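Okay, so here's the structure we're looking at.
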Amino acid sequence: MIQTISPARAVEGMVTLPGDKSISHRYGMLGAIAEGTTTVANYSTGADCQSTLGAMAALGAKIERRDGRVVIQGGALREPADDLDAGNSGSTIRMLSGILAAQPFTSRIGGDESLSRRPMQRIIAPLTQMGARIEARDGKFPPLTIHGGELHGIDYTLPVASAQVKSCVLLAGIFAKGDTIVREPVRTRDHTEIALSEFGADLEVERRVIMLHEGARLTGRELSVPGDLSSAAFFLVAALLMPEADLVIHGVGLNPTRSALLDFLMSMGASIKVLDLNQTGGEVVGDLRVRASKVTGGLIEGALTAALIDEIPALAVLGAASSGGLTVRDASELRVKETDRIATIAANFECMGLKIETSPDGFRIPGGQKFHAARIDSAGDHRIAMAFSVAALAADGPCQIQGAEAADVSFPEFFSTLREIAG
């Protein structure tokens, strides 16, 4: 599908975002293995999170939609009748593998062509240490055949910061004998720890060390998912690209482990205010108001790269428009996302007449650049499709986004929402 995006001068109004993808995945999985009923309001409408619900239903959880809410009747899982389909969702396959490794049956989980190219050694290694038996194509790629069985807790240090790998180990630890400890090189998003506590697990968190105690008994909960801050990033950048902007983004999740995005944007000079803070399900929620701003350059490296890894495509677009440009380092993880995001960003920058210098683990973008009308290829990557749709608002003519349907993975309403605020 091709979407045509015309240039805009102003971004204004109020938007409400779909539920946070990361939190929705976790509520869907934990609700399916918890005793009793879990009700989730504002569950993500994205295809990735629907893949999680589909997989949990295939494993025996009863899932219904009532009055805009997802209702999950959880309990013991059963052997699926067919292969589990994670679609395009790395979160689904990586985190769910931790649960599957502890079940008394064998399961096979795969996904689409893109997911089938994404390496899984980072979850296979710790799960194998816990006693799991996992077979993978060429030893590292999906589909994964997981021979479930009895697991034991481990003390595991993540070789690379990854919230998905951390979550995989902790979800396996729910069923393991003995305590499970995960040590992070840098702090990553802590939605799994918060959700586990909400469902009744006994865990301790001290700085970058998480200990999940043996014998977790999870019970169903009534929960509401905050708006997705990663989706908010595209609208924050859209407002900062425009000469005129006054935009309010309602009910956004403002988890402190995700606040690096706002801190970084404000360090570049962005005018962003946080309004009406409150809390739901252990997660901080609030409104964001962003106004037109003159933004300077920035540097993303080290721990900040890990914290902003999903937002880098959008920030790359902002970097080109900023006065000082953007440098990104320590981001080799971008090479193994839905696409090689470094290469895809560079290819689309070239199409729009923008300069970029790439390296194996990042790139440097000069500031003060002008965006030119172009035909953009999403390469099937939702974040690339949305980032360059935002870039198109600042172009000198209409842009065509090829493969625009990729946005459905996380934000099916993206294009209609973009047009509402940008005329």
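The values are calculated or read from the model by the stated rules, or taken from the named source; none is laboratory data. Model, not experiment: these values are computed from the prediction. Here Cβ is always computed from backbone atoms with ideal geometry, including for glycine, and neighbour counts include all displayed protein chains.
From the list A303, A347, A343, A331, which one is surrounded by 21 or more Cβ atoms within 10 Å (Cβ to Cβ) and either more than 28 Å from P142 (Cα to Cα) or hydrophobic (A, V, I, L, M, F, W, C) (or both)?
Only one candidate passes the filter, namely A331.
Would you tally the residues in region 316-365 being β-branched (V, I, T) and either assigned to a helix (DSSP H, G or I) or at pLDDT below 95 (or both)?
Residues flagged as β-branched (V, I, T) and either assigned to a helix (DSSP H, G or I) or at pLDDT below 95 (or both) within region 316-365 amount to 6.
Say we look at region 7-57 and pick out the residues that are touching a His at 6+ places or on another chain (Cβ under 9 Å) and part of a loop (DSSP other than H, G, I, E, B); which of these is surrounded by the fewest Cβ atoms within 10 Å (Cβ to Cβ)?
Here the residue is L17.
Scanning region 174-188 for residues that are at pLDDT 95 or above and among the charged types (D, E, K, R), which turns out surrounded by the most Cβ atoms within 10 Å (Cβ to Cβ)?
E184
What pairs come up if the first residue lies in region 359-378 and is of a type in the set (K, R), the second is modelled with pLDDT of 95 or more and surrounded by fewer than 19 Cβ atoms within 10 Å (Cβ to Cβ), and their beta carbons are under 6 Å apart, counting only those six or more places apart or on different chains?
R364/T327; R364/E357; R375/Q400
Would you mind stating whether I384 is crowded, with 23+ Cβ neighbours inside 10 Å and over 19 Å from E113 (Cβ atoms)?
When the stated conditions are applied, I384 does not pass them.
Looking at K140, is it closer than 19 Å to M120 by Cβ and either of a type in the set (K, R) or modelled with pLDDT under 95 (or both)?
Yes; evaluated as a whole, the condition is true for this residue.
Against the conditions (1) under 20 Å from the mean Cα position of the chain (by Cα); (2) modelled with pLDDT of 95 or more; (3) closer than 28 Å to R289 by Cα, where does P18 fall short? Just the number, please.
Only one criterion in (1) under 20 Å from the mean Cα position of the chain (by Cα); (2) modelled with pLDDT of 95 or more; (3) closer than 28 Å to R289 by Cα is unmet by P18, namely (2).
Quick one: which strands (runs of 3 or more DSSP E) lie wholly within region 129-242 and hold at least 2 residues that are touching a residue at least 24 places away in the same chain (Cβ under 8 Å)?
Where strands (runs of 3 or more DSSP E) fall fully within region 129-242 and carry at least 2 residues being touching a residue at least 24 places away in the same chain (Cβ under 8 Å), they are 141-147, 155-157, 180-183, 209-212, 222-224.
Take region 257-285 and flag every residue that is surrounded by fewer than 16 Cβ atoms within 10 Å (Cβ to Cβ), without any contact (Cβ under 8 Å) to a residue 60 or more places away in the chain and in a helix (DSSP H, G or I).
D263, M266, S267
Yes or no: S293 over 19 Å from the mean Cα position of the chain (by Cα), of a type in the set (S, T, N, Q) and surrounded by 15 or more Cβ atoms within 10 Å (Cβ to Cβ)?
yes
Pairs only if they're at least six apart or on different chains, beta carbon under 7 angstrom, first in region 336-355 and of a type in the set (S, T, Y), second surrounded by fewer than 23 Cβ atoms within 10 Å (Cβ to Cβ); list them, first residue then second.
Within 7 Å, the pairs are T339/A379; T339/G380; T344/A379.
What residue, among those in region 189-230 that are crowded, with 21+ Cβ neighbours inside 10 Å and among the polar types (S, T, N, Q), is nearest to the chain's Cα centre (by Cα)?
Here the answer is S230.
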